[in-house]
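Visitor: Pasting a structure here, questions to come.
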Protein chains: 4
Amino acid sequence: MPFRTVAFVASEHDEAQKALERMLSAYRHVSTERADVIVALGGDGFMLETLHRYMHRNVPIFGMNRGSVGFLMNAYDEDRLFQRLAKAEEVKLKPLHMISTDTVGRTREALAINEVSILRASRLAAKLRISVDGVVRMPEMICDGVLLATPAGSTAYNLSVNGPILPLRAHVLALTPISVFRPRQWRGAIMPHQVTVKIEVLYPQLRPVNGCADFTEVRDVASIVIREDQTTKLRLLFDSEHNLEERILKEQFLL
Amino acid sequence: MPFRTVAFVASEHDEAQKALERMLSAYRHVSTERADVIVALGGDGFMLETLHRYMHRNVPIFGMNRGSVGFLMNAYDEDRLFQRLAKAEEVKLKPLHMISTDTVGRTREALAINEVSILRASRLAAKLRISVDGVVRMPEMICDGVLLATPAGSTAYNLSVNGPILPLRAHVLALTPISVFRPRQWRGAIMPHQVTVKIEVLYPQLRPVNGCADFTEVRDVASIVIREDQTTKLRLLFDSEHNLEERILKEQFLL
Amino acid sequence: MPFRTVAFVASEHDEAQKALERMLSAYRHVSTERADVIVALGGDGFMLETLHRYMHRNVPIFGMNRGSVGFLMNAYDEDRLFQRLAKAEEVKLKPLHMISTDTVGRTREALAINEVSILRASRLAAKLRISVDGVVRMPEMICDGVLLATPAGSTAYNLSVNGPILPLRAHVLALTPISVFRPRQWRGAIMPHQVTVKIEVLYPQLRPVNGCADFTEVRDVASIVIREDQTTKLRLLFDSEHNLEERILKEQFLL
Amino acid sequence: MPFRTVAFVASEHDEAQKALERMLSAYRHVSTERADVIVALGGDGFMLETLHRYMHRNVPIFGMNRGSVGFLMNAYDEDRLFQRLAKAEEVKLKPLHMISTDTVGRTREALAINEVSILRASRLAAKLRISVDGVVRMPEMICDGVLLATPAGSTAYNLSVNGPILPLRAHVLALTPISVFRPRQWRGAIMPHQVTVKIEVLYPQLRPVNGCADFTEVRDVASIVIREDQTTKLRLLFDSEHNLEERILKEQFLL
């Protein structure tokens, strides 16, 4: 699909800033509020930030890799940008929606593109209770934490804690424990994407716990409710020969 | 849904045969060719056999546990069978369809409800090449074998080889290696259910390999092509409070 | 071996304090400085503290379980204490010795009975370099952290992060990553007990990291050197039918 | 240590045979019965065979890699063989000793350098009982099989089934299940090297099982008793900069 106006954004790193300069001298830039498409220059972390920042605009975002990993990013190339954007394929992602309640009763909401994670905030292990669709499935888990990852996020923190890589088209989520002590060697569960997952923190004063929706952190969590957000759509653009679905599939066969 | 006529089938084990006698004295039995519903008495292995045998009839099958594991089975109870059947929930499963070609060029087809597996048939490790939708994803894997499991089968052999348990609703398949030597510690891949998976056996004379679709065995396999069968529907009945979806979910939280 | 004088110590928990009262009324108590044997009432955490506190005294410690897990503890029983102590078997453990250097050059030493662990102290993953006996074995690991566990500690935090359970007699240590991102799915290494392990923190300002020798925490670690301490001997007493070696063995067959 | 007489042996593969010809034209060859040292040309499989064949001779064996993997082998080089042998380091390995009893009561003994493994010989899973030093530790395991590996063998079949890599100096053995169904996800156990492990096959007629000591196969096993052999010493020579201990250590940090 052809785009007429583009906005460039870049991470603070040198390489990304230099790329930004070159792009600005080669192409006409409009504000992110008016652009048909946003081009993000940086690594995966910056892409995540960009997606969060411009979610409300509902425009597609095309990432070019000027940073680490680059799983969400396309190859960097200064030439023929508009032709490339026109041929790019759009992938729509649904974020997770988190509502957290802290130990003094304050609630907070945030969206996560990769994962919502919960992690102990002291030397003491967390004790967590997990419910799925209102049914307690894990009455007490002793652990460092737990996370719920989307397919797009399944290759990020979820992979570090041995969670399964999920194909984009599968419409499942990965509930994966972080350093679980009891039940011993629990591996986590793959969940249909329609579920509502509730994590209750047991003894939250004695065993303080933080929550994290991508990089939005919440302290002193008492409980967190997570479900797929049905209203927000993230639109990512990928060069067709190497789109996100293909990358996740490749990642599964990599080692 | 109310059923009018029932056929009973039972495994050869004593306990199943005794249950069969009691059922036949309590209820009117019709032939499996005329029954609205088939009641299978035995364990999971017998249920699998029953599903295979009566697939063509397209009638629902209600299993009652008189054997080992009983993952596909309901609790055994001699009373109020028709009321129970009327209230049971139907789960529809799609089997996998396997086409194998052996080293002298013969092809064979079979269906698998749980998994299609490939296993070395000699002391020598197998060398396998895996393609997904026509693209080679794993050029050479040195291993004892590999399997492709359905969600229903994900708690069977797939679980023994550390494959992920898949929720029924997820519409994914688990491609899981069996004792993989190279690539080291490859964990397998979760696949969208629409894929076609091809396994080619490298050096099949030197390193002979057998294939298995549930319990249909094929010797001296040269290659196997597996995809979800779109024409056959397996219909299983479960007591609503403890249906197959619930069991698989529970199994994920069990340890 | 017969003991003449005993000192009782107890954790702050109610149950342990009540047990302490009953013990003090049943047996003559001497100060921990003069006792032949120390009896510790509480859970594993308290036993660890007790071992640390009275290490210098070089007297055996007999734990009785009034708390959680109780892996290092004997069953609680108020009767026939001296007969029981006389028949108990002594297990000698060597702690790990940690020297940490922080980002401003301060060094600190501490002993660990279970494990020395390193964990990220911010949202950012740690980047660590691991050397064994002066040879860099892992130039850069992206992870939440890493730990080095003794056999006695192999069933504690090490087990939570999927490390191997080590038999007491094996004289090996477990180097186990915590939530490792790169190298993907690295499982850690079993090390001969004579090794010196050095962990260097890369970019310690940007990616702050804490170290922990059991519960002694060190902030802003730049590097940590760990080796088995040859001078300190921890002496634990166990009822012979259920000693620590047996427990660790059992733990390996448990699931 | 200087050697005066050398015997060359080679696997049947072309490359090994060609290397043999070149070696025979460059060096004086004596019979394996009279040689001070045996030089084996081939891959790891051939080295294993050579070790088995010349065990009784108690001479060191130096492998040169002309085949696959080459974990037990040194680099191939036609030059300066005697200087190289003189500087090589000797590693002594103890094999495992297996006594098997089959279903008609015949016993058989064999040695294993890598591992003793037990594997189902039919479509049906094996049911095994495991005892360690006379104590039943696993009353019934449903699985494809189990193996007991030496440190030298811990990087072979044991690694394929996710067993731990064991450092040579550790004096432990790895008891690792093969495709275990129940107990679910049992990971196996690391054993002190002095143990005697007994595997009893339950229902061996219904569920036939084969045993394997390296490549010596025994059919219709009823039980197998395995312990470290104290009388046989295997002597392997390695170039010092890249000896077996170093290789196993490296293998643990590889991925």
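Visitor: Find the sum over both chains of the accessible area lost when B and C are paired, probe 1.4 Å, and report it in Å² to the nearest 100.
Guide: Working: alone 12640 and 12650 Å², together 25010 Å².
So the buried area, both faces added, is about 300 Å².
Visitor: Related question: If I take R0 = 35 Å and measure r between the Cβ atoms of C:Arg219 and C:Arg184 in this structure, what FRET efficiency does the formula 1/(1 + (r/R0)^6) give, to the nearest 0.05? Show your work: numbers first, answer last.
Guide: Working: r = 29 Å, r/R0 = 0.84.
The computed FRET efficiency comes out at 0.75.
Visitor: Give the average, rounded to an integer, of partner chain Cβ atoms located within 10 angstrom of each Cβ in A:244-252. Provide the component values of the computation, followed by the final result.
Guide: Working: counts 0, 1, 1, 0, 2, 9, 3, 2, 10.
Counting other chains' Cβ atoms within 10 Å and averaging over A:244-252 gives 3.
Visitor: Let me ask another. Given a 1.4 Å probe and the protein chains all in place, what does the accessible area of D:Val132 round to, in Å² to the nearest 10?
Guide: Rounded to the nearest 10, that gives 0 Å².
Visitor: I'd like the carbon and sulfur percentage of the solvent accessible area for chain A, probe radius 1.4 Å, heavy atoms only, ligands and nucleic acids excluded.
Guide: Numbers: 4990 of 10290 Å².
On chain A, the fraction of accessible area on carbon and sulfur atoms equals 48 percent.
Visitor: Could you pull out the chymotrypsin sites (Phe, Trp or Tyr not before Pro) across segment C:169-234 that fall in loop regions by DSSP (anything but H, G, I, E, B) with no more than 16 other Cβ atoms inside 10 Å? Display every interim value, and only then the final one.
Guide: Numbers: sites: C:Phe181, C:Trp186, C:Phe215; in loops: C:Trp186, C:Phe215.
In loop regions of segment C:169-234 (DSSP not H, G, I, E or B), the sparsely surrounded chymotrypsin sites (Phe, Trp or Tyr not before Pro) are C:Phe215.
Visitor: Hey, can you grab everything whose amide H is under 5 Å from the amide H of C:Ala222? Only 5+ residues off in sequence or another chain; H modelled, so Pro and N-termini drop out.
Guide: Those lying under 5 Å, H to H, from C:Ala222 are C:Thr101, C:Asp102, C:Thr103.
Visitor: Where does the longest stretch of chain D lie that holds no GluC sites (Glu not before Pro) found in a DSSP loop with 11 or fewer other Cβ atoms within 10 Å?
Guide: Between the exposed loop sites, the longest stretch runs D:34-255.
Visitor: Additional query: Over chain B, what is the relative contact order in percent, taking alpha-carbon pairs closer than 8 angstrom and at least six residues apart? Mind dumping the intermediate values first?
Guide: Details: 604 pairs, mean separation 54.7, N = 255.
It comes to 21 percent, rounded to a whole number.
Visitor: Per residue of B:144-152, what is the mean number of Cβ atoms on other protein chains within 10 angstrom of that residue's Cβ? Can you show the working numbers first?
Guide: Working: counts 8, 2, 0, 0, 0, 0, 0, 1, 0.
Shielding by partners across B:144-152 averages 1.
Visitor: What FRET efficiency comes out for the pair A:Ser25/D:Glu245, r = Cβ-Cβ distance, R0 = 60 Å, nearest 0.05?
Guide: Numbers: r = 58 Å, r/R0 = 0.97.
Working from the Cβ atoms, E equals 0.55.
Visitor: May I ask which residue of chain C has the beta-carbon nearest to the axis carrying chain C onto chain B, and at what distance in whole Å?
Guide: Minimum Cβ distance to the axis, with residue: C:Gln185, 3.
Visitor: Additional query: Mind checking the mean number of beta-carbon atoms from other chains within 10 Å of the Cβ atoms in B:187-199?
Guide: Details: counts 8, 4, 10, 13, 5, 7, 3, 1, 3, 0, 0, 0, 0.
Per residue, the number of nearby Cβ atoms from other chains is 4 on average.
Visitor: With only Lys, Arg, Asp and Glu charged, each at its Cβ (+1 for the first two, -1 for the last two), find how big the charge dipole of chain B is about the Cα centre; round to the nearest 20 debye.
Guide: 640
Visitor: Follow-up. Which distances, shortest first and in nm, link A:Leu202 to the matching position in the other copies, using label points set 7 Å out along Cα to C-beta?
Guide: Values, ascending and in nm: 3.2, 3.9, 5.0.
Visitor: For the Cα atoms of chain B, what angle does the longest principal axis make with the long axis of helix B:244-253, in degrees from 0 to 90, nearest 10?
Guide: Result, in degrees: 60.
Visitor: Residues with amide H under 5 Å of A:Met64's amide H, sequence separation 5 or more or different chain, H placed in the peptide plane at 1.01 Å from N; which?
Guide: When sequence neighbours closer than 5 places are left aside, the close amide H contacts are A:Ala40, A:Leu41, A:Gly42, A:Asn74.
Visitor: A further question follows. Top to bottom by accessible area (1.4 Å), largest first, where do C:Thr231, C:Thr50 land? Intermediate results must be reported in sequence, preceding the final value.
Guide: Values: C:Thr231 120, C:Thr50 0 Å².
Putting C:Thr231, C:Thr50 in descending order of accessible area: C:Thr231, C:Thr50.
Visitor: Which of A:Ser223, A:Ser131, A:Ser25 moves most in a GNM of chain A, Cα contacts under 10 Å?
Guide: So, out of A:Ser223, A:Ser131, A:Ser25, the one fluctuating most is A:Ser25.
Visitor: Let me ask something additional. For an R0 of 41 angstrom, estimate the FRET efficiency from the Cβ-Cβ distance between A:Arg123 and A:Lys18 and round to the nearest 0.05. Write down the numbers at each step before the final one.
Guide: Numbers: r = 43 Å, r/R0 = 1.05.
It comes to 0.40.
Visitor: Just from its helices, what would the mean residue ellipticity at 222 nm be for chain A, if runs of 4 or more DSSP H residues each count -39500 (n - 2.57) and the sum is divided by every residue, rounded to the nearest 500 deg cm²/dmol? Working shown, then result.
Guide: Numbers: 5 runs with 45 residues, N = 255.
Roughly -5000 deg cm²/dmol at 222 nm, from the helical runs in chain A.
Visitor: Within straight cross-link reach of C:Lys94, meaning Cα distance under 21 Å, which lysines are found once same-chain residues fewer than 8 apart are removed?
Guide: Straight-line reach from C:Lys94, under 21 Å: C:Lys198, C:Lys233.
Visitor: Using a 1.4 Å probe, how large is the accessible area of A:Lys87, given in Å² and rounded to the nearest 10?
Guide: 150
Visitor: Then there is this: Please list, in order along segment B:93-103, the HN-Hα scalar couplings obtained from phi with the Karplus expression 6.51 cos²θ - 1.76 cosθ + 1.60 (θ = phi - 60°), rounded to whole Hz, x for Gly and Pro.
Guide: Taking θ as phi minus 60°, the curve returns 10, 9, x, 8, 10, 10, 10, 10, 10, 9, 5 Hz for segment B:93-103.
Visitor: Which whole-Hz couplings ³J(HN,Hα) result when phi for each residue of segment D:159-168 is put into the Karplus expression 6.51 cos²θ - 1.76 cosθ + 1.60, θ = phi - 60°, listed in order with x for Gly and Pro?
Guide: Taking θ as phi minus 60°, the curve returns 6, 4, 9, 6, x, x, 6, 10, x, 4 Hz for segment D:159-168.
Visitor: Note the distances from A:Lys233 to each other copy's matching label point, with points 7 Å along the Cα-to-beta-carbon direction, in nm, sorted shortest first.
Guide: Result for A:Lys233, in nm, nearest copy first: 3.0, 7.3, 7.5.
Visitor: Still on this structure: Would you kindly derive the ³J(HN,Hα) couplings of segment A:37-46 from the backbone phi angles with the Karplus curve 6.51 cos²θ - 1.76 cosθ + 1.60 (θ = phi - 60°), listing them in order in whole Hz, with x for Gly and Pro?
Guide: Values per residue, Gly and Pro as x: 8, 10, 9, 9, 10, x, x, 4, x, 5 Hz.
Visitor: Quick check for you: with a 1.4 Å probe and neighbouring chains kept, what is the accessible area per residue of segment A:96-228, in Å²?
Guide: Details: 4390 Å² over 133 residues.
On a per-residue basis, segment A:96-228 sits at 33 Å².
Visitor: Just D:Asp229, D:Asp214, D:Asp133 to compare: in a GNM of chain D, with alpha carbon springs under 10 Å, which one fluctuates most?
Guide: With Cα springs under 10 Å in chain D, the top fluctuation among D:Asp229, D:Asp214, D:Asp133 is at D:Asp133.
Visitor: Order the following by accessible area, largest value first: D:His97, A:His56. Probe radius 1.4 Å; ligands, DNA and RNA are ignored.
Guide: Working: D:His97 30, A:His56 125 Å².
So the residues, ranked largest to smallest area, are A:His56, D:His97.
Visitor: How big is the charge dipole of segment C:53-100 about its Cα centre, in debye rounded to the nearest 20, if each Lys and Arg gets +1 on its Cβ and each Asp and Glu gets -1 on its Cβ? Don't skip to the answer; put the middle values down first.
Guide: Values: 8 positive and 5 negative charges, 43 e Å.
Value, rounded to 20: 200 debye.
Visitor: Charges only on Cβ, +1 for Lys and Arg, -1 for Asp and Glu: so what's the dipole of segment A:96-228 about the Cα centre, in debye to the nearest 20?
Guide: On the way: 15 positive and 11 negative charges, 83 e Å.
Dipole magnitude for segment A:96-228 comes out near 400 debye.
Visitor: Please report, for C:Arg34, the nm distances (one decimal) from its label point, 7 Å out from Cα along the beta-carbon direction, to the equivalent points in the remaining copies, shortest first.
Guide: 8.1, 9.0, 9.7
The values are calculated or read from the model by the stated rules, or taken from the named source; none is laboratory data. What you are looking at is a predicted structure, and each value in this text was computed from that prediction instead of being measured. Cβ: placed from backbone, ideal geometry, glycine included. Neighbour counts: every protein chain shown. Just so you know, the surface numbers come from the protein's heavy atoms only, side chains and all, with ligands and any DNA or RNA stripped out. Shrake-Rupley method; radii C 1.70, N 1.55, O 1.52, S 1.80 Å.
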